[in-house]
Amino acid sequence: MNCRLVELRNKEVISCENGCRIGCVDDLEVDTRDARVCALVIYGRLKFFGLLGRKDDCIIPWENIKLIGEDTILVNFNSPYQEKRRKKGGFPKFF
């Protein structure tokens, strides 16, 4: 299967370890001596709409990629972003 960077940028990266969505591919690291891809780079999430900068980038080594599908890329990688779960029952139930 051949794939271009433009096609990789549209794919979501999902962790096989916990099923968490890490993000979409933003860039690649390429070893120019061996002419091979070393890692996928996913830019960090914005803090407060980008006014406070962004979190650290996720760099996923090529060896950690399990499967590249049509829409997603499955990787062995723990996401540094922990999704916050909302507590249920915040408002009292009147009905």
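The values are calculated or read from the model by the stated rules, or taken from the named source; none is laboratory data. In this text, all values refer to a predicted model and were calculated from it rather than measured experimentally. Positions of Cβ are generated from backbone atoms using ideal geometry, with glycine treated the same way; all protein chains shown enter the neighbour counts. When the accessible area is computed, the model is the full protein with side chains, heavy atoms only, and any ligands, DNA or RNA have been set aside. Shrake-Rupley method; radii C 1.70, N 1.55, O 1.52, S 1.80 Å.
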> Out of all the residues in the range 41-52, is one or more touching a Gly at 6+ places or on another chain (Cβ under 6 Å), surrounded by fewer than 14 Cβ atoms within 10 Å (Cβ to Cβ) and farther than 18 Å from PHE77 by Cβ?
Replying inline: yes
> Just wondering, is there one or more residues in the range 5-21 that are modelled with pLDDT of 90 or more, open to solvent by 90 Å² or more (accessible area, probe 1.4 Å), of a type in the set (S, T, N, Q) and more than 10 Å from the chain's Cα centre (by Cα)?
Replying inline: no
> For the range 1-58, what are the residues that are within 16 Å of GLY69 (Cβ to Cβ) and assigned to a helix (DSSP H, G or I)?
Replying inline: GLU7, LEU8, ARG9
>> For the range 53-69, give me each residue that is touching a Gly at 6+ places or on another chain (Cβ under 8 Å) and free of Cβ contacts under 8 Å to residues at least 12 places away in the same chain.
In response: ARG54
